[in-house]
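A short write-up of the structure that comes next.
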Amino acid sequence: MPAHVAESDSTPDPTSTTGTTDPLAHERAHLAASRAALRGMREDVQALDIRDVTANWVNAAVLQSQIDDRIKALADLSHTPLFFGRLDYLHAVGGELAEGADGERFYIGRRHVHDAAGDPMVIDWRAPVSQPYYQASRKNPQDVGLRRRFGYTGGELTAYEDEHLTDPAEAEHTSRLLQAEIERPRVGPMRDIVATIQPEQDEIVRSGLGGTVCVQGGPGTGKTAVGLHRVAYLLYAHRERLARTGTLVIGPNRSFLHYIEQVLPALGELEVKQATVDDLVRTGVEVRGEDEAATAVVKGDARMAEVLRRAIRSHVTAPVEPVVVVRGSRRWRVPAYEIQEMVDELLARDMRYGAAHEALPQRIAHAVLVRMEEAGEAPDDRVQNAVARNPAVKAAVKAIWPAVDPAKVVLRLLSDAEFLAAHAGGLLSEEEQKRLLWAKPARSVKSAKWSAADAVLIDEAGDLVARTHSLGHVVLDEAQDLSPMQYRAVGRRCSTGSATVLGDLAQGTTPWSTESWGEALFHLGKADAVVEELTAGFRVPREVIAYASRLLPAISPGLAAVESVRESPGSLAVREVPGGAAELDAAVVAACEESLHNEGSIGLIAADARIPALGAALTAAGHAYLSPGEETTAESRLTLVPASLAKGLEYDYVVLDEPGAVVDGEPDERTGLRRLYVALTRAVSGLTVLHAAPLPEVLVQA
């Protein structure tokens, strides 16, 4: 049977139950019926009347909110295929969904759809019965006789492609529909890749909730989409648990989060929150300052956690006098040495500072109650609580174990050289301590010009005082760019849960970027995580990724290059532009115009310092352009992208301006070459590199 059947083909479908001899018409009929069934499911929910089933207005509001969420989840996205594949099993599949005759058929799609009788018309891609769609092969067909892929134009089903996994006469072939889906022009936000998930990706997506998974993946290997689909899968498989504990997707910046935000809703998941690391830690302080790179490196070093712990604990002082509690005509005395034993015991337990602050008055009160019982009284818990609130006890606790403000502790460390030296001794060198100290100390927490790294320190100090709430699962993307202290901040958010860590060591573009996943996972608190590596590239053409991979020996020695499965002759053009800046600007505009003749999105990537000049050149030539994060449309397809914001984004065609300027825009050569590696690997269909200055030597030498 041919691998690809176009709309005009009228080959009979031997499995058709509709009587039609046109298989495409049969599949379109099933699509129309499935969409009608989904509308029916939505209308059933909309018709629910909860007036007589709720006890009070609070319950009514909660139930109505759940109904509203269900209605949103049942929305039919006309531009998104409702199902993308079909499995014809050789025998009946176990379980209630597969009762009946042998040779059952399942349509695999983005969500479950059933008809009025409750019979399934589309099976959720996350269901166990759907897994062979991704995993079955000729070597291991998993009882699948036929796997059918569907091709769509917009929301219209236009083609299909069959694989007979148990037919030895059929030659193995590369799926042309799969290739077309990967190469389909990109306009708008990032789309889900659920129809194109590969076996090695599917194994990661479906790994259990209990363990943390780290995915090392080069450009175009689909690691971000794998992470997002993993969230969708976990919410399907562990919905009740994660509904209680929560999920979070952490991205590198707001532009990136805006780019990916439509993937999960397209899969029917509406309740996953998204944030940057800065969003997580900027609670209570305003970030208005910036650190020099060397200073930020010290502030992000894991040793700062111990400096902060020492500084917090330094507020605990030894009791110097007994506590005397007066109740009625009696006086109860707890000597200083006994209180010191309580303090020592609390310190030895390494409790959170705030929890110990709350526990100490109860310990003192308990000691008083013991004396009362020895004197023949019979006090109860109410008496103990009253003693704990006694002015004498409160005064003693305030002197011995006072409440602390995390921001004030960090403020003092950065302002007071003696206080810093007292707690950084043996940890930080004198030079490192000097880097931390503000040249002009702030007077208060509110007036301080906090940096992003300072906010992370305050978050760490806050956790030393009171435990940070942990979520059930966290997805951390572009993880290679985090400092050890940022890893700790994320790790606190999943200390009792699990994580999916996504990144590429070769794309680390911060001065503190991690050198190994083992080190990163240790700081995250997930040292036992499983590290998976994706090396098959599906997005970047082979010519382009091979050119970019020339940088790997200089930026990440030993890291395997991505092997692209996509051959696209002519996808790379490297052009030297004679002349100066004006000639280069004109050539860049011309290259953008050339790219705009193609379908899909166009990204003009340049060093941050070059953005104003290129923006002016585009405007002068009459070309409107978008900023990263703004959604591309059919009418507005050109985005001007500073190299510092290119990570994680993708465009059908990329014009890269002056690679040498991208490298020179970073504080050191390695970081600059890594930034260039990112910029070189954003293209899906074609890359044009323009330069007036010499290219970086590592590109030329290779």
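Report, ordered by chain and residue number, the lysines lying within cross-link reach of Lys299, taken as a straight Cα distance under 19 Å and ignoring same-chain residues fewer than 8 apart.
Within reach: Lys408, Lys434, Lys440, Lys449.
With label points built 7 Å along Cα→Cβ from the Cα atoms of Glu240 and Ala294, find their separation and express it in nm.
5.8 nm
Once the convex hull of the C-alpha atoms of the range 550-702 is built, how many Å³ does it hold per residue, rounded to a whole number?
116 Å³
For the chain, with the dipole built from +1 on Lys and Arg beta-carbon atoms and -1 on Asp and Glu ones, taken about the Cα centre, which of Tyr259, Gly222, Thr535 lies farthest toward the positive end?
Projecting each Cα onto the dipole axis, the largest value belongs to Tyr259.
Between Glu203 and Ala75, what FRET efficiency follows from the Cβ-Cβ distance if R0 is 35 Å, with the result rounded to 0.05?
Efficiency for this residue pair is about 0.70.
Counting each DSSP H run of 4 or more residues in the chain as -39500 (n - 2.57), what helix-only mean residue ellipticity at 222 nm follows after dividing by all residues, to the nearest 500 deg cm²/dmol?
The helix-only estimate for the chain comes to -12000 deg cm²/dmol at 222 nm.
How large, in percent, is the carbon and sulfur part of the accessible surface of the chain at a probe radius of 1.4 Å?
So the carbon and sulfur contribution to the accessible surface is 51 percent.
Using only the Cα atoms of the range 216-292, construct the convex hull and provide its projected area averaged over every direction, in square nanometres to one decimal.
7.4 nm²
Nearest 10 degrees is fine. How inclined is helix 23-46 to the longest principal axis of the chain, computing both from alpha carbons?
30 degrees
Nearest 10 degrees, 0 to 90: what angle lies between the long axis of helix 406-415 and the longest principal axis of the chain (Cα atoms)?
80 degrees
Each residue of the range 590-598 in order: what ³J(HN,Hα) in whole Hz does its phi give by Karplus 6.51 cos²θ - 1.76 cosθ + 1.60, θ = phi - 60°, with x for Gly and Pro?
5, 5, 5, 4, 4, 5, 5, 6, 8
Any idea what the alpha-carbon Rg over 2.2 N^0.38 Å comes to for the range 426-467?
Here the answer is 1.35, to two decimals.
Just to confirm the number: angle between the C-alpha axis of helix 223-237 and the first principal axis of the chain, 0 to 90 degrees, nearest 10?
80 degrees
The values are calculated or read from the model by the stated rules, or taken from the named source; none is laboratory data. Remember, it's a predicted structure, so these values are computed and weren't measured experimentally. FYI the Cβ positions are ideal-geometry reconstructions off the backbone, even for glycines, and counts take in every protein chain you see. Accessible surface is based on the protein model in full, side chains and every heavy atom, while ligands, DNA and RNA are left aside. Shrake-Rupley method; radii C 1.70, N 1.55, O 1.52, S 1.80 Å.
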